[in-house]
1. Considering Gly261, Gly222, which residue is of a type outside the set (Val, Ile, Thr) and at positive phi?
2. How many residues are at pLDDT 85 or above, closer than 17 Å to Phe258 by Cβ and in a helix (DSSP H, G or I) when one looks only at the stretch 154-174?
3. For the stretch 134-155, indicate whether the set of residues that are surrounded by 13 or more Cβ atoms within 10 Å (Cβ to Cβ) and touching a residue at least 60 places away in the same chain (Cβ under 8 Å) is non-empty.
4. Given the residues Leu265, Leu235, Leu188, which is the only one that is hydrophobic (A, V, I, L, M, F, W, C), at pLDDT below 75 and surrounded by 13 or more Cβ atoms within 10 Å (Cβ to Cβ)?
5. Restricting to the stretch 1-59, give me the number of residues that are under 30 Å from Ile74 (Cα atoms), crowded, with 16+ Cβ neighbours inside 10 Å and at pLDDT below 85.
6. Restricting to the stretch 98-113, and then to whatever is in contact with a helix residue (DSSP H, G or I) (Cβ under 7 Å, 6 or more places away or on another chain) and under 19 Å from Ile171 (Cα atoms), can you tell me which residue is surrounded by the most Cβ atoms within 10 Å (Cβ to Cβ)?
Amino acid sequence: MVNQGFFGNISNTIHLMKSCVTVLKKDKELVLFPIMAAICVIVLLGIIFSIGGIAFSDGPEEQEGGIILLAILIFGANFIIVFFNSALISAALERLRGGDPNISSGLSHAFKHVHHIFLWSIIVTIMALIFAAIRSMGRNRGMMGQIMTELFASFLQAGWAMMTFFVVPIIVSENLGPISAIKRSSGLFKQTWGNQVAANFGFGIFQILAILASGAIGWIFGLASPIFGMIVGFLCASISVSIIYTLEGIYKAALYEFAMGEKPLEFEQQDLRTAYRASAAMA
């Protein structure tokens with residue numbers, strides 16, 4: 001097998017994306033999961049800031065209340081994102097196993113594991129705060145110190161992402177708690193692809209291209225009306241990002257199935273073997 005690195009090559013990435021698109025065509029409603037997550041996060045933001053405006057004033061008690069509300073906001077947003085991601089992956093797994101999922105079945109399956117999702121969201125929030133705290137430590141250390149701190153935090157965050165890549169599929173498929181899921185995720189990763197991985201690289205490229213294209217479309221419409229152009233650009237970006245996020249969830253479900261020794265529909269095992277193999281240059 002030729003080691004091509006980073007999703008094999010561009011043609012392999014496109015082929016994998018096409019496989020994900022094939023699955024999405026059968027269940028177009030799956031794209032509603034990230035849309036619902038975004039709407040719920042926006043509603044949460046509105047609620048927090050509408051009831052907590054006074055908590056962000058200059059008084060010490062108000063500042064303490066503001067910190068509490070901010071913590072609630074971060075956790076709430078993480079819980080919403082993880083919950084709908086769990087519903088998306090549950091539905092994707094159902095399709096890859098020969099079922100016919102829908103929004104209701106995905107949400108229902110996620111609700112069955114909501115206690116594990118809740119605990120995992122706490123861990124995600126804690127780790128996000130730790131990474132943010134590490135980055136903030138470099139702000140007063142000069143440019144070089146800030147760069148080194150940022151690199152260190154990015155390295156830790158990348159390692160954490162690799163180790164926990166399969167946590168959500170494991171939670172919704174095996175009904176394990178987050179700690180056990182982390183251990184299992186790390187084990188699956190090591191036994192299948194080793195320690196070098198370029199997680200979601202291809203999807204990241206497509207996401208950037210989609211946002212740039214949305215900006216260009218918005219600019220064109222903005223020549224006639226700036227406000228209308230902003231609206232069109234925002235809608236195009238939102239829809240394209242939601243579609244790519246859905247495709248990424250389908251792909252993660254397929255990789256989990258392959259790691260478990262299954263043969264997910266619409267995917268070739270050869271493609272999945274090379275999908276997350278990083279090049280030696282990334283070591």
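1. Numbers: Gly222 fails: at positive phi.
Gly261 is the lone residue from the list that is of a type outside the set (Val, Ile, Thr) and at positive phi.
2. Going through the stretch 154-174 one residue at a time, the tally reaches 7.
3. Step one: list which residues in the stretch 134-155 are surrounded by 13 or more Cβ atoms within 10 Å (Cβ to Cβ), which gives 134-135, 137-138, 145-146, 148-150, 152-154.
Imposing the further condition that a residue be touching a residue at least 60 places away in the same chain (Cβ under 8 Å) reduces the set to none.
No: the stretch 134-155 contains no residue that is surrounded by 13 or more Cβ atoms within 10 Å (Cβ to Cβ) and touching a residue at least 60 places away in the same chain (Cβ under 8 Å).
4. Details: Leu235 fails: at pLDDT below 75; Leu188 fails: at pLDDT below 75.
None of the others qualify; the one that does is Leu265.
5. Residues that pass the stated criteria total 3.
6. First, pick out the residues of the stretch 98-113 that are in contact with a helix residue (DSSP H, G or I) (Cβ under 7 Å, 6 or more places away or on another chain): 101-103, 105-107, 109-110, 113.
Then drop every residue that is not under 19 Å from Ile171 (Cα atoms), which leaves 101, 103, 105-107, 109-110, 113.
On the way: Pro101: 22, Ile103: 16, Ser105: 15, Gly106: 26, Leu107: 19, His109: 19, Ala110: 24, His113: 22.
Going through the qualifying residues, I end up with Gly106.
The values are calculated or read from the model by the stated rules, or taken from the named source; none is laboratory data. Computed from a prediction, not measured in an experiment: that's the story for all the values here. No Cβ is skipped: glycine too gets one built from the backbone with ideal geometry, and neighbour counts run over all protein chains shown.
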